[in-house]
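The values are calculated or read from the model by the stated rules, or taken from the named source; none is laboratory data. Since we're looking at a predicted model, the values are computed, not measured. Cβ sites come from the backbone with ideal geometry, for glycine too, and all protein chains shown count toward neighbours. Keep in mind that these areas ignore ligands, DNA and RNA; they rest on the heavy atoms of the full protein, side chains included. Shrake-Rupley method; radii C 1.70, N 1.55, O 1.52, S 1.80 Å.
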Amino acid sequence: MTGYALLPQLFTATEVERLRDVVERVHAEVVSAAEAGETELTVWPDGHRLERIDGTTIHWEPDAPGKAVRSLSPVAHLAPEFEALWSEERLTRPMTAMLGAAEVGPFVAKLNFKRAGVGSEFAWHQDFPYWYCCAGDAAYDIATAIVMLDDNTVANGALTLVPGSQARGPARRDPREPTGLLVDPRTVDEDAAVTIEAPAGSVLMFPGLMVHRSAPNRTATDRRSLLYCFQPAGRPQLSALTYDAERLADLP
Ligand SMILES: O=C(O)CCC(=O)C(=O)O
């Protein structure tokens, strides 16, 4: 089983246009709040800088000249249009099937910006180890729906995944890498990997154990995505949980 689902143009061009406007408004509001207010700064072991403000965390691009946002998480509370996507049937119906749950609910929603020319790569990883450090075994039951707000192409760093990798469970992590969260690239079957090119409005769904990466955006236009991570309804959201890196010792 490939383990992923691509739903081409699930959202109309008008819906995508509205979501892009909300995304840019939220981006501007959060960045100006961070410039004006007191933020809580965390520097990860890989040097990436994270700043917390207004109930969200700004993950800055590590190497951009000047400041560029790589992601905001969580984001659903920042706009009613984002909150509404948690109950959007075009997302919840296929998610219910993917998770084999009677009903699905929110785990976390985030917003990824791969800005023109500066959007950096995501190295090979599974989302699972980070979630496991927060949610324990409940992390096995979380899957992501990526709502593409721009066309996704090889040139702008479309997501590459390894179909079937989710069935092999937690992958061996890279002992040379400081966060302890990335997959050891020497174990990835790159010949089996597929890059998911799709037009804006398409949705890509996959479980937390899917091995994936994405390349930098070398083009002159942005690649923005909303990532909705669902779980069986009634479980605590990521914002109510604490990251405990010691749990990584349970994983390969
Ligand atoms: O959107 C991308 O390019 C990759 C996103 C990703 O892998 C992540 O946010 O964990």
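Plugging the Kirkwood radius over Cα pairs into Stokes-Einstein for segment 23-107, at a temperature of 25 °C and a viscosity of 0.890 mPa s, what D comes out in µm²/s?
166
Using 18 Å as the cut-off for backbone N distance, which residues of segment 148-186 belong to the label zone defined by a point 7 Å from the Cα of GLU246 along Cα→Cβ?
In segment 148-186, the label zone of GLU246 (backbone N under 18 Å from the point 7 Å along Cα→Cβ) covers 180.
What is the packing order of peptides 97-107, 30-40, 161-171, taking the mean over residues of other C-beta atoms within 10 Å and listing the highest first?
161-171, 97-107, 30-40
What does the accessible area per residue of segment 5-250 come to in Å², with a 1.4 Å probe and no ligands, DNA or RNA counted? Display every interim value, and only then the final one.
Numbers: 11100 Å² over 246 residues.
Result: 45 Å² of accessible area for each residue.
At a 1.4 Å probe, what is the % contribution of carbon and sulfur to the accessible area of segment 140-195?
Numbers: 1220 of 2400 Å².
Ligands and nucleic acids excluded, carbon and sulfur give 51 percent.
When a/c is below 1.5 the answer is rounded, else prolate if a/b is larger than b/c, else oblate, so apply that to the chain with a ≥ b ≥ c taken from the square roots of the Cα gyration tensor eigenvalues.
Values: a/c = 1.20, a/b = 1.09, b/c = 1.09.
The shape class here is rounded.
Which whole-Hz ³J(HN,Hα) couplings does segment 183-197 yield from phi under the Karplus relation 6.51 cos²θ - 1.76 cosθ + 1.60, θ = phi - 60°, glycine and proline marked x?
In residue order, the calculated couplings are 6, 5, x, 5, 9, 8, 7, 5, 5, 8, 6, 10, 9, 8, 8 Hz.
Across segment 108-123, in residue order, what do the Karplus-derived ³J(HN,Hα) couplings come to in whole Hz, using 6.51 cos²θ - 1.76 cosθ + 1.60 with θ = phi - 60° and x for Gly and Pro?
7, 10, 9, 10, 9, 10, 10, 5, 3, x, 10, x, 9, 6, 10, 6
Output needed: percent of Cα pairs per 10 Å distance bin for segment 43-184, bins running from 0 to the one holding the longest distance.
Per 10 Å bin, starting at zero, the Cα-Cα P(r) for segment 43-184 comes out as 9, 33, 43, 14, 0 percent.
Compute the Cα gyration tensor for segment 190-252, then decide on rounded, prolate or oblate, letting a ≥ b ≥ c be the square roots of its eigenvalues: rounded whenever a/c is under 1.5, prolate when a/b is larger than b/c in the other cases, and oblate in all that remain.
Numbers: a/c = 2.02, a/b = 1.53, b/c = 1.32.
Taking the square roots of the gyration eigenvalues as a ≥ b ≥ c, segment 190-252 is prolate.
Could you rank TRP60, TRP44 by how accessible they are, 1.4 Å probe, largest area first? Mind showing how you got there, number by number?
Values: TRP60 20, TRP44 55 Å².
Accessible-area ranking of TRP60, TRP44, largest first: TRP44, TRP60.
Could you check how much of the accessible area of segment 1-94 is carbon and sulfur, as a whole percent, using a 1.4 Å probe? Before the final figure, lay out the partial values.
Details: 2750 of 5250 Å².
Ligands and nucleic acids excluded, carbon and sulfur give 52 percent.
Can you compute the modelled spin-label distance between VAL43 and ASP137, with each label point 7 Å from Cα toward Cβ, in nm?
That separation, rounded to one decimal, is 3.9 nm.
Could you run the Karplus curve 6.51 cos²θ - 1.76 cosθ + 1.60 with θ = phi - 60° over segment 51-56 and give me ³J(HN,Hα) per residue in whole Hz, x for Gly and Pro?
So the J values, rounded to whole Hz, are 10, 9, 7, 6, x, 10.
Which residues' amide hydrogens lie under 5 Å from the amide hydrogen of GLU88, considering only partners 5 or more residues apart or on another chain, with H built in the peptide plane?
Close amide H contacts, sequence-distant or interchain: none at all.
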